[in-house]
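First up is the structure itself, then whatever we jot down about it.
The values are calculated or read from the model by the stated rules, or taken from the named source; none is laboratory data. Only a predicted model underlies this, so the values are computations on that prediction, with no experimental measurement involved. Cβ placement follows ideal geometry from the backbone for every residue including glycine, while neighbour counts extend to all protein chains displayed. Just the protein is used for accessible areas: all its heavy atoms, side chains included, with ligands, DNA and RNA removed. Shrake-Rupley method; radii C 1.70, N 1.55, O 1.52, S 1.80 Å.
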Amino acid sequence: MELRQFFRSDLAKLSPYHIDQPDHCVKLDANESPFDLPTEIYAEISKEISSLKFHRYPDPSAGRLRTAISKMIGVDRDLIVVGNGSDELIGYIFQIFAKPDVQASFPSPTFSMYQIFAQIFGMSFTEIPLGSNFELIDETWQSHLNRYAKNLVFLAYPNNPTGNLFPEDILHKILVRSDTVLILDEAYYEFSGKSLLSRLHQQPNLIITRTFSKAYGLAGLRCGYMVAHPDVISEINKIRMPYNLNSFSQTVAMLMIKHRENIRPYIKLILEERRRIYDMLVTVDWCEPMPTDSNFILFRAQKPADLVFQKVLSHGVLIRNLNCPGLLENCLRVTIGTTEENNRFLSAITADFGEKV
Ligand SMILES: Cc1ncc(COP(=O)(O)O)c(C=O)c1O
């Protein structure tokens, strides 16, 4: 029997999301936190575990976690949905808007999941190239959006993999369009300190997603949240998987909120290290680092990116090789790690490459 005849033909061009996981490497490739949870929090998690009932399903609406998030960000809890990382929530957003007369648009380069979800949900989409400094080009966006009756725009703020924040006035121009819903992905908010959350009440067409995977160090527990108009929330709740966030992740995310003061020093350290690495990379003659508002730095090499990637890997450090034709030609991305990890990365970058000139 030929199973392939039953599959959706439009999925043929998709391939599984590939993630390199070499052993014994310093992992500076996935924009995770380099810091494990503070020991006080581990102690409290151990206490809480004993009262969790693993044989029961979790709270289906994650009420206590949503209340904790609501208090933390000052937004009514009815405007909040939590999920298995912001990835799951971004997928739900595509699902509720995927219909033939809605055009999805996002910059290029940006977070790859927007394109993957658009393909999974069979949505028509456009990638709008960023400018040569990875900036949004206002006129290009406006004339593009003018072509469609209904637009769904995804912007990572700051953008991944470029690290920069897009200017607020351009976001504002997109947001005030009555033909556009804007999803602002604030996965790196804690490092940029910039958000459009305060606009949510005036703008029913604004959806914000955030995550506990980055600054909060919970990448392994997969927990994110979205904040949106009640009509959006009620659509999301129709398609959301029952019990989508497990009890353990709900509990730990609540503890992280309770103890969020404990992660402030980590964020401060990342910001200091970000400055240090950027300043060092600027001094390397073949290396052009991009200004960043995130916990990672994109840099362009005047050497083949594959060579740089392998060189860094040979020093036991895994970074992300983003090299592809176009804006990301010979570009690589490094996540800010601990001071020791960053030193290892920097010594790899400054080591002799042994090339014949
Ligand atoms: C811009 C952006 N959005 C969302 C995510 C996904 O985060 P989560 O772990 O919450 O699914 C990432 C992860 O790298 C990201 O870079």
Subject >> All positions within the range 210-235 that are surrounded by fewer than 24 Cβ atoms within 10 Å (Cβ to Cβ), within 11 Å of the ligand (Cβ to nearest atom) and in a loop (DSSP other than H, G, I, E, B) >> reply: Ser213, Tyr216, Leu218, Arg222
Original post:
Does the range 136-153 contain any residue that is open to solvent by 20 Å² or more (accessible area, probe 1.4 Å) and under 17 Å from the mean Cα position of the chain (by Cα)?
Top reply: no
Subject >> Matching residues in the range 101-130 - criterion: being more than 13 Å from Leu145 (Cα to Cα), aromatic (Phe, Trp, Tyr) and open to solvent by less than 40 Å² (accessible area, probe 1.4 Å) >> reply: Tyr114, Phe117
**OP:** Test each condition in (1) of a type outside the set (Phe, Trp, Tyr); (2) open to solvent by 60 Å² or more (accessible area, probe 1.4 Å); (3) within 16 Å of the ligand (Cβ to nearest atom); (4) more than 18 Å from Phe296 (Cα to Cα) for Arg240 and report the one that comes out false.
**Re:** (2)
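Is there a residue in the range 60-72 that is within 14 Å of the ligand (Cβ to nearest atom) and farther than 30 Å from Lys13 by Cβ? Break it down stepwise before answering.
Let us first name the residues in the range 60-72 that are within 14 Å of the ligand (Cβ to nearest atom), namely 69.
Pick out the ones that are also farther than 30 Å from Lys13 by Cβ and you get 69.
Yes, some residue in the range 60-72 is within 14 Å of the ligand (Cβ to nearest atom) and farther than 30 Å from Lys13 by Cβ.
Might you let me know whether the range 132-142 holds any residue that is of a type in the set (A, V, I, L, M) and out of contact with any Lys or Arg (no Cβ under 8 Å at 6 or more places or on another chain)?
Residues of the range 132-142 of a type in the set (A, V, I, L, M): 136-137.
Add one more test, that the residue is out of contact with any Lys or Arg (no Cβ under 8 Å at 6 or more places or on another chain), and what stays is 136-137.
Yes, the conditions are met somewhere in the range 132-142.
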Original post:
Taking the range 239-283 on its own, how many of its residues are among the basic types (Lys, Arg) and either touching a Gly at 6+ places or on another chain (Cβ under 6 Å) or without any contact (Cβ under 8 Å) to a residue 12 or more places away in the chain (or both)?
Top reply: 3
Original post:
From the list Glu44, Glu32, Glu40, which residue is touching a residue at least 40 places away in the same chain (Cβ under 8 Å), acidic (Asp, Glu) and within 15 Å of the ligand (Cβ to nearest atom)?
Top reply: Glu32
**OP:** Specify the residue that is farthest from the chain's Cα centre (by Cα); the eligible residues are those in the range 182-193 that are open to solvent by 30 Å² or more (accessible area, probe 1.4 Å) and away from the ligand (no atom under 12 Å from the Cβ).
**Re:** Gly193
Original post:
Looking only at residues in the range 24-56 that are among the hydroxyl-bearing types (Ser, Thr, Tyr) and open to solvent by 70 Å² or more (accessible area, probe 1.4 Å), which one is nearest to Ile208 (Cα to Cα)?
Top reply: Tyr42
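Mind checking which residues of the range 10-21 are open to solvent by less than 100 Å² (accessible area, probe 1.4 Å) and more than 23 Å from Gly85 (Cβ to Cβ)?
Scanning the range 10-21 gives Asp10, Ala12.
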**OP:** Under 8 Å between Cβ atoms, at least 6 apart or on separate chains: pull out the pairs that start in the range 153-180 with a residue that is assigned by TED's automatic domain parsing to the domain that holds Cys331 and end on any residue that is in a helix (DSSP H, G or I) and open to solvent by 10 Å² or more (accessible area, probe 1.4 Å).
**Re:** none
Original post:
Considering the range 254-296 alone, what residues qualify as being of a type in the set (Asp, Glu) and more than 18 Å from Glu44 (Cβ to Cβ)?
Top reply: Glu272, Glu273, Asp279, Asp285, Glu288, Asp293
Original post:
Are there any pairs with C-beta distances below 6 angstrom linking a residue in the range 76-93 that is at pLDDT below 95 and within 7 Å of the ligand (Cβ to nearest atom) to a residue that is of a type in the set (A, V, I, L, M, F, W, C) and open to solvent by less than 10 Å² (accessible area, probe 1.4 Å), with the two at least 6 apart or on different chains, and if so which?
Top reply: none
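Suppose we filter the range 194-209 for residues that are within 10 Å of the ligand (Cβ to nearest atom) and of a type in the set (Lys, Arg); how many remain? I'd like the intermediate steps shown before the answer.
Going through the range 194-209, the residues within 10 Å of the ligand (Cβ to nearest atom) turn out to be 209.
From what's left, of a type in the set (Lys, Arg): none.
Going through the range 194-209 one residue at a time, the tally reaches 0.
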Original post:
Out of the range 57-69, which residues are open to solvent by less than 20 Å² (accessible area, probe 1.4 Å) and either in contact with a strand residue (DSSP E or B) (Cβ under 9 Å, 6 or more places away or on another chain) or of a type in the set (Lys, Arg) (or both)?
Top reply: Ala62, Leu65, Ile69
